[in-house]
Amino acid sequence: MPRSHPIQKLFNYAKVYRRNIRLAALYSVLNKFFDILPEVLIGAAVDVVVKGEESFLARKLLGHLGISNTWEQLLVLGVLNIFIWAGESLFQYLYEVKWRQLAQDIQHDLRLDAYQHVQKLQMRYFETQRTGNLMSILNDDINQMERFLNGGANQIIQVFCSSLMISAVFFALQPNIALIALLPIPMILFGAFWFQKRLAPRYTKVREASGDVSARLNNNLLGLATIKAFATEEFEAEQIRSASNNYRQANARAIRLSAAITPVIRIAILCGFTATLLYGGWLTLQGQLAVGAYSVLVFLTQRLLWPLTGLAEVTDLYQRSMAAIDRAMQLLHTPISIEYEGKHFPSEQLKGELRFENVSFAYDEKPVLENINLIIPAGKTIAFAGTTGSGKSTLIKLLLRFYEPQSGQILLDGQPIHTLNLQDLRRCIGYVSQDTFLTDGSIAQNIAYGTPNASEQAITQAATASESALFINQLPSGFSTRIGERGQKLSGGQRQRLALARAILKNPPILILDEATSAVDNETEAAIQRSLETISRNRTTLVIAHRLSTVRNADCIHLVQAGRIVESGTHDELLLKKGGYAALWKLQTGER
């Protein structure tokens, strides 16, 4: 199947705006129609002044209306001139408003649709993508498309229309001169397409290099504390310098080619204009061409050929935009491998029983979970322990459907979760991860994240239950305190408590703590444990922890090793078995 052109992809995407696109194109055409008429009026005025009552206007048009006096003809031309300039100004206003509004609307829709599409992609997609590259597409590439619609589309339409309209006038006045004047156009168009074909891959590399710069900058800004701690500022600056230099060189290769377009077009224009000037003048001297017609042809030759110099700028803008549009459309058309639609269910009627039946999963053909069979009773607190990479967190990611298992299924209250509506499934789960995500908003806004209609009282109660209220009340503005990007103004423990408060406020039937205490101090761990004892009552709670002290009170602990559950039982039962769990406990408590 042949690959669609980026313009076709964009036109198909913007189908709701097709009427406005056609209107904008019509305004561009009408503006150009009025734009070329002043040159025709100049020729007519010269003809009136030279020939008086024998002018073309008097003989062919105005004479039938009784207007043959030279001055009266000039007055008519003056009135027509006012009408023409008014028409040109009106349609210029209309096409500029319409094209700019279209550019803004399509830019807004495309960015929003692309971002919403990215949110629906399986987490596996992001394992091979860099955040900075996605940022470059969602921001820079879509902005580049907006710049093309803002001016480039109108320029292309007007160059095409002016060529057709002026050619029609040429053939009406003097076909021989028309052929001479139009002779450079095929060469100009061939040259423009020749350059365009070679610019396309160069601008694709420019967009890729731009994405690489964004990726490195985004990664370094997020890891600035580590860079400072290891005193690697110069090393990272060199990495950015290298990426930026690659971008500069990719741009330079494209610029060297695009800069050659205008000189080539100018040479072709020079040939056409000189031929019209000399040959038309010779015909006029021989009496074969009227002076007025000669004036029109000379003026129109310049109006016909000179705008073609703008093809250089248009071609450059066009190719940059096509590369950008192609990348944005590829992102928008990335297949969504997880089914979002499914059976809706009310979370308040959920019991919370979970079953894993022969569940297996692999990352890039590397097995992580193998034939997991597990029953988690409703309302119980179940813990998963094990070394890093054993597959504990993967169980949770499959439950949240960040990934789909290669085989087997997970059931919630007896229903396979892949048949349930994905948003309903996730709304019934409270998730607290090791890497806490906080927005650049207030404390209250972050606690109410995902529960936008929560009352102040409910937010305060959630903060109290998570033992966050004490440190919040000590902040300058209490719950209204803004915490900075990703909560940078708070400590790790404080961020984790806010994440727990957020989950408590959600009041879900299922609560998940994925190594939520791995990066906190002992005081915060103890606070989270106290909160957990309260909020886990009458709800299914899954806890993943490296620190076994966090899960010792769980109803059941499963030890996961190499993708399999090798031991199960309470804390005391597992210690009596003197197996892997007992060994981990001794290691963490310092027992010999």
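The values are calculated or read from the model by the stated rules, or taken from the named source; none is laboratory data. These figures come from a predicted structure and were not determined experimentally. Note that we place each Cβ from the backbone using ideal geometry, even for glycine, and neighbour counts take in every protein chain shown. Side chains are part of the model used for accessible areas, which takes the heavy atoms of the whole protein and leaves out ligands, DNA and RNA. Shrake-Rupley method; radii C 1.70, N 1.55, O 1.52, S 1.80 Å.
Before moving on, here are some points about what is shown:
- Residue pairs, from the table 351/578; 120/489; 9/397; 343/489; 392/578; 366/506, whose Cα atoms sit over 32 Å apart: 351/578; 9/397; 343/489; 366/506
- Solvent-accessible area, 1.4 Å probe, carbon plus sulfur percent, for segment 531-576: 44
- Qualifying aspartates and glutamates (Cα of each under 20 Å from Cα of residue 380; at least 8 residues distant if same chain): 348, 353, 357, 413, 514, 515, 533, 555, 567, 572, 573
- Between residue 477 and residue 409, the distance separating the two model label sites (each 7 Å from Cα on the Cα→Cβ line) works out to 5.0 nm.
- Lysines whose Cα lies under 18 Å from that of residue 32, excluding same-chain neighbours fewer than 8 positions away: 98
- Whole-number percent relative contact order across segment 97-154, with pairs defined as alpha carbons under 8 Å at least 6 apart: 71
- Residue 351/residue 15 FRET efficiency (R0 51 Å; Cβ-Cβ; nearest 0.05): 0.65
- Counted residue by residue at 0.36 nm each, then reduced by the alpha carbon distance between them, the extension gain from residue 235 to residue 402 reaches 56.6 nm.
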